[in-house]
Amino acid sequence: SGVAVVMVHDAKKNYYKKFLYEPFPVESSLLPVLPDHFNAEVVARTIRTTQEALDYLTWTYFMRRLLQNPMYYNLASLDGQDYTTYLANLVDDAFTKLIDAKCIEIDEQDCRSVAPTSMGRIASYYYLSHITMLTYQQLLKHDLNIAELLAVMCSSYEYSMLPVRHNEENLNEALCKQCPLPIDPMTFDNANMKAFILLQAHFTRLDLSEYTDYLTDLKSVLDQSIRILQALIDVTAEYGWLNCAISLQHLMQMVIQALWLQDSPLLQLPYVVKENLHLFRNKSPNSLPGLLTCRTYSELSRVLLPHFDDGQIDQIHKVLSNMPLINVDIFLLLSKDNPVEDKDSSEEDSDSLYPPSTEDQMVPVGDSPVTLSPGKVYTLLVQMRNAHRNKDNVVYAPKFPKPKQEGWFLTLGFPQNEELISLKRIYFGRKPDLMNYISFNSPPHRGSFELSL
């Protein structure tokens, strides 16, 4: 146990005694985020109708405070009709916002039943605001480049809470001059634009040590960045936008490694900076994939000496040894009874089609074309083997504030029409190899098509 002593001026003693000993009411903050709470409950199917939404409200702390302090919540009186109308309007307003954001749907027949949409599920899964989902639907397009996708990412409502302190617009302007992407000068005092500047500074690896608050703000931006990017990838997958999904995957790699996409991959290694990249020009190997083939310390030292000392080479060797070196084999699974036809696409959901039967024929997928029947569902088997065993599967990313596990996207699509067919996230964990199944529909009409994984 301990004793706390508050020492104040005698004239203010009674004021502080009253403040400390008399209970101070804490009001509810539910109303500003009520649509997001409703969305999560609709996705969980706790709320299926407007009546269940009203019932949900009666169990909240908000309801207790509403009865005690109605004027604080703009309720004129606790009269039965006023009270009922007030609650009904709260539910209607929240549902209207969710419908506008395409997070839920109201049954057109009974006008009471509610169901989640794919956007609502994404918002609930990644803990994003319905405002963010509405923003994505307004700004996302199939042909956006990485810079434009970065701007969409930074437009997320979650970044609007980023603090912009007094006179920080001047610091934002100074940082902007060191960043490659242009920014509207009228938005230097905007929280979302500050996130945009901080991420550019992160990719450029600018020294922010003299801006102590900015280091804290950048950590806050990075802490939220992965779930925001994961949500954006899911949204573009829902739209079937192949190029957009791949660009967002590149953007995620940029965030984790603190590099621009066009930067040399060698900068991922310790002690390798832009100022000494020229040392690799006349070396062999002189690329990251090439250095990964250096299996021993002695092989690596022949490449890096005398430009790096033994301690630095040892650290680089450890990082290279833990980097994933993936071998991929792809097979098309065909039924032995009908080698060019599989199940009809009108049957069960594709997830139920695998794992396939042990009697299926495995046809290696390579440069040679494979004949398929139109309008059928087929399954690809993707075998992945990691030649470098990383015991803890932690990515070397010293610029990212949290430990990151190795993760991969399997992205299947038709490049000729930029259509995304299937997307799957996979993790090795402690396994040296993985077997993954991806099902897809063959095109409905005959012709020659290129499918890329």
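Only helices reaching 15 angstrom along their own axis (Cα) with mean Kyte-Doolittle hydropathy no lower than -0.5 count here, and for the DSSP H runs of the chain these are 80-100, 191-204, 212-239, 242-257. Across the chain, Cα pairs under 8 Å and at least six residues apart give a relative contact order of 10 percent. Amide H contacts under 5 Å for S155: none, restricted to partners 5 or more places along the chain or on a different chain, H placed in the peptide plane at 1.01 Å from N. Helical content alone sets the calculated 222 nm signal of the chain at -12000 deg cm²/dmol, taking -39,500 (n - 2.57) per DSSP H segment of four or more residues and averaging over every residue.
Taking only the C-alpha atoms of the stretch 31-125, Rg followed by Dmax gives 13.6, 40 Å. When you restrict to C-alpha pairs under 8 Å that are six or more residues apart and normalise by the size of the stretch 31-125, the relative contact order lands at 37 percent. Each Lys or Arg adds one and each Asp or Glu takes one away; over the other residues whose Cβ falls under 15 Å from the Cβ of H445, this sums to +1. Among the listed pairs K399/K431; K402/K424; K219/K402; K219/K318, those whose Cα-Cα separation exceeds 20 Å are K399/K431; K402/K424; K219/K318.
Computed from the coordinates by the stated procedures, all read-outs in this text should not be read as laboratory data. Fair warning: this is a prediction, and the values are worked out from it, not measured in the lab. Don't worry about glycine lacking a Cβ; one is built from the backbone with ideal geometry, like all the others, and counts go over all protein chains shown.
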